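The values are calculated or read from the model by the stated rules, or taken from the named source; none is laboratory data. Nothing here was measured: the structure is a model prediction, and the numbers come from that model. For neighbour counting, all protein chains shown are included, and Cβ atoms are generated from backbone atoms with ideal geometry for every residue, glycine included.
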Ligand SMILES: [Zn+2]
């Protein structure tokens, strides 16, 4: 990790839909090392603490918030408080690319710190050396999956979704699919989320080269989810864990 020409993904939190004991909910760092671009992708509880292990919060180029559920956005409040009282904030506001409804939930009193921009289905933005494109998934409030391209590599992030949406919506050529797999197949239909089987199937159909499953419910065994996803994907699958990093 960390050399020019490489896009990296670092897991800051991967529990769904709440943080388990000592854990953190959804959050990731995506970095283009050629352009020096750093994006905080979802900000679930516990992820601001972990983010500070890997980067200076004042060096963030953008924050992406996939939807308004607290397990994906609540830690933005931590950044705002730290910027105001701890970090000696002397920079332009950080661009926040958020699904509709997120700002209303966590965006209050962030003037000078956050530059809120609402993005929607089918929209795209450029942040430094990264191209980001958004698609709506099969989830309760408007939820946006993200395709991130930089340093000649492509990452696809499902955000939260039920099985009514497919990773293939993010296009072809995904070097790594970061897909939610909240539980195993015996729980299918109990919530608007994917099982590991469904995550593996949609990643295979999308032609993704690698699969990392995430958003595991804290009481579901990690190895059961990983093995079920690998069986459906037909190739190696990693189970996200805090601090784990991937080079694309
Ligand atoms: Zn979630």
The correct count of residues that are within 16 Å of the ligand (Cβ to nearest atom), in contact with a helix residue (DSSP H, G or I) (Cβ under 6 Å, 6 or more places away or on another chain) and farther than 10 Å from residue 229 by Cα in the stretch 202-217 is 1
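Going through 130, 97, 51 one at a time, which residue ends up being crowded, with 20+ Cβ neighbours inside 10 Å, closer than 21 Å to residue 213 by Cα and in contact with a strand residue (DSSP E or B) (Cβ under 6 Å, 6 or more places away or on another chain)?
Numbers: 130 fails: closer than 21 Å to residue 213 by Cα; 97 fails: closer than 21 Å to residue 213 by Cα.
Going through 130, 97, 51 in turn, just one is crowded, with 20+ Cβ neighbours inside 10 Å, closer than 21 Å to residue 213 by Cα and in contact with a strand residue (DSSP E or B) (Cβ under 6 Å, 6 or more places away or on another chain): 51.
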State all residues of the stretch 218-241 that are closer than 22 Å to residue 72 by Cα, out of contact with any helix residue (DSSP H, G or I) (no Cβ under 8 Å at 6 or more places or on another chain) and either without any contact (Cβ under 8 Å) to a residue 60 or more places away in the chain or surrounded by 18 or more Cβ atoms within 10 Å (Cβ to Cβ) (or both); if no residue qualifies, say none. 221, 222, 240
Given the residues 178, 155, which is the only one that is within 16 Å of the ligand (Cβ to nearest atom) and either touching a helix residue (DSSP H, G or I) at 6+ places or on another chain (Cβ under 9 Å) or outside any helix (DSSP H, G or I) (or both)? 178
Selected residue (only one of 162, 207, 235, 140 is in a loop (DSSP other than H, G, I, E, B) and at positive phi): 207
Where a residue in the stretch 44-55 is over 10 Å from residue 23 (Cβ atoms) and its partner, wherever it lies, is more than 13 Å from the ligand (Cβ to nearest atom) and in a helix (DSSP H, G or I), with Cβ under 6 Å and at least six apart: 48/78; 48/79
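Mind checking which residues of the stretch 1-16 are modelled with pLDDT under 95 and either surrounded by 14 or more Cβ atoms within 10 Å (Cβ to Cβ) or within 13 Å of residue 178 (Cα to Cα) (or both)?
Going through the stretch 1-16, the residues modelled with pLDDT under 95 turn out to be 1-6.
Scanning the stretch 1-16 gives a single hit, 6.
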Is at least one residue of the stretch 186-201 buried (at least 22 other Cβ atoms within 10 Å of the Cβ), away from the ligand (no atom under 16 Å from the Cβ) and farther than 29 Å from residue 51 by Cα? no
Criterion (more than 23 Å from residue 106 (Cα to Cα), away from the ligand (no atom under 16 Å from the Cβ) and touching a strand residue (DSSP E or B) at 6+ places or on another chain (Cβ under 8 Å)) met by exactly one of 6, 39: 6
Give just the number: which of (1) part of a loop (DSSP other than H, G, I, E, B); (2) within 16 Å of the ligand (Cβ to nearest atom) does residue 21 not satisfy? (2)
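Taking into account only those residues within the stretch 48-100 that are away from the ligand (no atom under 16 Å from the Cβ), part of a strand (DSSP E or B) and within 24 Å of residue 179 (Cα to Cα), which is nearest to the chain's Cα centre (by Cα)?
63
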Could you check the stretch 104-117 and list, in sequence order, the residues that are surrounded by 16 or more Cβ atoms within 10 Å (Cβ to Cβ) and either modelled with pLDDT of 95 or more or outside any helix (DSSP H, G or I) (or both)? 107, 110, 113, 114, 116
